[in-house]
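The values are calculated or read from the model by the stated rules, or taken from the named source; none is laboratory data. In this text, all values refer to a predicted model and were calculated from it rather than measured experimentally. In this analysis, Cβ positions are derived from the backbone assuming ideal geometry, glycine residues included, and neighbour counts consider all displayed protein chains. Note: accessible area is taken over every heavy atom of the protein model, side chains too, but ligands, DNA and RNA are not part of it. Shrake-Rupley method; radii C 1.70, N 1.55, O 1.52, S 1.80 Å.
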Amino acid sequence: MDNLYVLKFGGNAIRGKEDLARLSSEIASMKRDGAKIILVHGGGPEISEEMERRGLKPEKVCGVRITDADALDVAETVLRRINADVVDSLAEAGVTAVGLPAYHCTLCAKKAPMKVVEDGVSREVDLGLVGEVKDADPSTLEDLLADDVLPVIYPIGKDGQGRKLNVNADTMAAGIASAVGCVEMVAITDVPGILRDVSDPGSKIDSLSMAEVESLIADGTISGGMIPKVEACTKALLAGVPAVRMVNGKGGDGILSGLSSRGTVITR
């Protein structure tokens, strides 16, 4: 679809009324300029805080949350609350939006156990009720966009048996972006882009190919929670998304204005 962008943000990049107002204002500006937008959000920090408040211990492996039934309940509750706040913020900026869980437009499957290496020993970790996108039906999203309504999606999916699954928001955005045929997928993060040196914002890399991304993962430049983000980006590219851009949600000079010159763009 011409001029369609899939935007994704998480709680490390956009959090609280002020951040949401800033993002909503820029989304409103993009829409006035003719862009169509689908917004996908996560809420990792908020989910971890609510788990701790309930006496639960958050656990992650390579940036992916291990999710049992209690953790899934917390994730869904927190994500629904964030979703409502996002929709309200967009409305205040003059944008008509509707919130919905990802299972209205995707089909997911339980993610296979993840291989990890600790102290030189390889082992498999079952992530529990964690899903990955297997298929997406863009018709609901296309109908909303045709009515000038912005879909705001939170990443709780379902498998073929109707079982709810927690899905990494970057992974969900990639699955949706590949299904709707967007111009660009934009991941709003808490860093300026992909950095050669994580302690030096001036080491941002403006553009990368998928092969270069793989090389940076192999040599440790891209590590930790950044790995699932860039892997989601490459999955989107392999599925047909022309470009994926990572931009800074914490910068003082805007998030989306002058988008074509911001952050790090990854192409095939």
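Pair-distance distribution P(r) for region 181-268, from all Cα-Cα distances in 5 Å bins starting at 0: 3, 15, 27, 28, 18, 8, 2, 0 percent.
Once the Kirkwood radius over Cα pairs is known for region 45-101, the Stokes-Einstein relation at 20 °C and 1.002 mPa s delivers a diffusion coefficient of 170 µm²/s.
Counting Cα-Cα pairs of region 1-154 in 10 Å increments starting at 0 gives whole-percent bin shares of 10, 35, 32, 18, 5, 0.
For residue 131, the amide hydrogen comes within under 5 Å of the amide hydrogens of 111, 166, 167, 168, counting only partners 5 or more places away or on other chains and with H modelled in the peptide plane. Working ranking of peptides 215-221, 81-87, 34-40 by packing, defined as the average number of other Cβ atoms within 10 Å per residue, highest first, is 34-40, 81-87, 215-221. When the Cα gyration tensor is reduced to axis lengths a ≥ b ≥ c, the ratio a/c stays below 1.5 for the chain, which is therefore classed as rounded. Straight-line reach from residue 17: taking Cα to Cα under 16 Å and skipping same-chain neighbours fewer than 8 places apart, the lysines in range are 250.
With a Förster radius of 45 Å applied to the beta-carbon distance between residue 117 and residue 80, the computed FRET efficiency rounds to 0.80.
Legend: distances between Cα atoms for 36/235; 8/57; 134/204; 57/110; pairs beyond 30 Å are 134/204. Restricting attention to the chain, close to 40% of DSSP beta bridges with both partner residues there are antiparallel. For the chain, the residue among 146, 207, 156 whose Cα projects farthest onto the positive side of the dipole built from Cβ charges is 156.
Here region 113-268 carries DSSP beta bridges of which approximately 55% are antiparallel, counting only pairs with both residues inside.
Residues within the reach of a label modelled at residue 190 (point 7 angstrom out along Cα to beta-carbon, backbone nitrogen below 12 Å), restricted to region 30-59, are 43-49. With every protein chain left in place, what is the accessible area of residue 195 in Å² (1.4 Å probe, nearest 10)? About 20 Å², ignoring ligands and nucleic acids.
Helical runs assigned H by DSSP (4 residues or longer) give the chain a calculated mean residue ellipticity at 222 nm of -11000 deg cm²/dmol, each run adding -39500 (n - 2.57) before division by the residue total.
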